[in-house]
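The structure appears right after this line, and notes come after that.
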Amino acid sequence: MGHREFVSRILVIPNCPDLLLSASGDSTLRLWEYKSGEEVHCCQLSTICGPQATKPDQKFTVSRITYCCQGGYVAILCDSIPTVYIFQLDATARQLVYKQQISLKHKGWDIAFEEMGDLWILQEDKEAPLLSYRACDGQWKAVTDDKGLQMSKYIQDNWTVFEGFVGAESYYSHLYKASFDNMDEYLQRKEERLQQQKKKKQDLQHASSGQAKKKMKAEGPSL
């Protein structure tokens, strides 16, 4: 695939089964005609998520993708960034159109669209673990009177199940390729590895030779 880092999420579009979304540690969200292997659109998340960056080298690794057939909406969560980003799929033009972002007060854990099209967000907050948003006049707005929000009480009563995930570090940081600031450092480390491998090989050869000599001495001369 065209990604330069590990793939974190993939999703086949339910009502456009020839299209697939993929996200990666390279901070891109890509749209594919996957049967032919052709990439038809690439969205650079750093250009959209930049204001939410907490450090200069911030990665925008998508941790969740969800899709709504009604309207062709795509919502994503990025690892360690308390924001939900919403796109709309233009299936005819084969592209994603950025629409809106929903800022959260806490880190988002999961997102999902329900059948009627509402967007549900599970966030790292015991006081308000569930949030609901609904599309209205082209904008996603918070819903406060949905009966489904009563589920927050059950989550709060069983918060011990979630406590182990509160404040957890990134699950993706160890998956990134090792990088080096300059070629000299890379070559130096490569040479060190080669020397270590060479020394191990020599040590094994010496050990093998020593064992052979001991065996010959023990067995004595032979014809």
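Every number in this text was worked out from the coordinates using simple rules, so none of it is lab data. Owing to the predicted nature of the structure, the values given are computational and were not obtained by experimental measurement.
Worth a mention:
- Lys99 long-range amide H proximity, modeled H, under 5 Å: Ile86, Phe87, Gln88
- Overall form of segment 1-154 per C-alpha gyration tensor (a/c, 1.5; a/b vs b/c): oblate
- Pairs from the table (Lys35/Lys99; Lys99/Lys177; Lys35/Lys177; Lys35/Lys107; Lys105/Lys153; Lys177/Lys201) lying more than 24 angstrom apart at Cα are Lys35/Lys99; Lys99/Lys177; Lys35/Lys177; Lys35/Lys107; Lys177/Lys201.
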